């Protein structure tokens, strides 16, 4: 008897009859398997870009809005300022403005205003808070006195100075 027949056949267990299903019901046709695979791939092809876009939006939001404001305040006006910022991992960032934003954490600042020498400051930047860093700049008179003290007379053998 062929496996595709639907005829019943007596079994050796108490004379019960058993029905045989056609092969199409036992083994799915290749068309059904291909359709299911195509459906799964369609879901993946549309789902992965959506998940990527959501991930990108999350990272963009975290980097743009998970910050604290930092403002460097000086004792007198200045023309140019350079603020080097170091975090605990050793990363460095340089800013040429007294107001900028940083992610929350502990930072070390090296501040140079009008090339008057560097000043160091440590601070903790909090989320969505304004942190002010005070810097004392030397007055114009102190700068002139410092420049006069630094000027040394030339000696006749030091022609390169």
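Some observations on this one:
- From the options 85, 110, residue that is at pLDDT 90 or above, within 17 Å of residue 67 (Cα to Cα) and assigned to a strand (DSSP E or B): 85
A quick yes/no check of all residues on (1) exposed (fewer than 14 other Cβ atoms within 10 Å of the Cβ); (2) touching a residue at least 60 places away in the same chain (Cβ under 8 Å); (3) touching a strand residue (DSSP E or B) at 6+ places or on another chain (Cβ under 9 Å):
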site	(1), (2), (3)
61	yes, no, no
68	no, yes, yes
77	yes, no, no
81	no, no, yes
100	no, no, yes
103	yes, no, yes
112	no, no, yes
120	yes, no, yes
124	yes, no, yes
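The values are calculated or read from the model by the stated rules, or taken from the named source; none is laboratory data. Keep in mind it's a predicted model, so treat the numbers as computed, not measured. A quick note on method: Cβ atoms are made from the backbone with ideal geometry, for glycine too, and the neighbour counts reach across all protein chains shown.
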